[in-house]
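Student: I have a structure here, written as structure tokens, and I will follow up with some questions on it.
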Amino acid sequence: MNKTIKIILMIAGVGLLLYGGYIMMNPETEVSLGSLEIASQDNTNAYITIGLGIVALLAGALPKK
């Protein structure tokens, strides 16, 4: 694999990991009734994004054959 492609995969992997962590930490919906606040969040997209980041990092880290 070309060195440039490896670097791009590594950068994309780190970016996907950071973005996945960001969308996991911020709640998607929030309902506020007086002093009661309810936050609901589905982390499916965050898990998929983090998984793709890990795959991209592993693909970029593979040794040249």
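Student: Among the residues of the range 1-13, write down those that are assigned to a helix (DSSP H, G or I) and either modelled with pLDDT under 90 or loosely packed, with under 14 Cβ neighbours inside 10 Å (or both).
Tutor: K3, T4, I5, I7, I8, I11
Student: On to the next question. Given the criterion free of Cβ contacts under 8 Å to residues at least 24 places away in the same chain and out of contact with any Cys (no Cβ under 6 Å at 6 or more places or on another chain), identify the matching residue among I7, I11. Before the answer, list the steps.
Tutor: Values: I7 fails: free of Cβ contacts under 8 Å to residues at least 24 places away in the same chain.
From the options I7, I11, the qualifying one is I11.
Student: Please determine whether any residue of the range 24-33 is over 30 Å from N2 (Cα atoms) and either of a type in the set (K, R) or modelled with pLDDT of 85 or more (or both).
Tutor: Checked the range 24-33: at least one residue is over 30 Å from N2 (Cα atoms) and either of a type in the set (K, R) or modelled with pLDDT of 85 or more (or both).
Student: Could you list, ordered by first residue, the pairs with Cβ atoms under 8 Å in which the first is in the range 26-49 and surrounded by 10 or more Cβ atoms within 10 Å (Cβ to Cβ) and the second is at pLDDT 75 or above and aromatic (F, W, Y), at least 6 apart or interchain?
Tutor: Partner pairs satisfying both residue conditions: T49/Y19.
The values are calculated or read from the model by the stated rules, or taken from the named source; none is laboratory data. Quantities reported herein were computed from a predicted structural model and do not represent experimental measurements. Here Cβ is always computed from backbone atoms with ideal geometry, including for glycine, and neighbour counts include all displayed protein chains.
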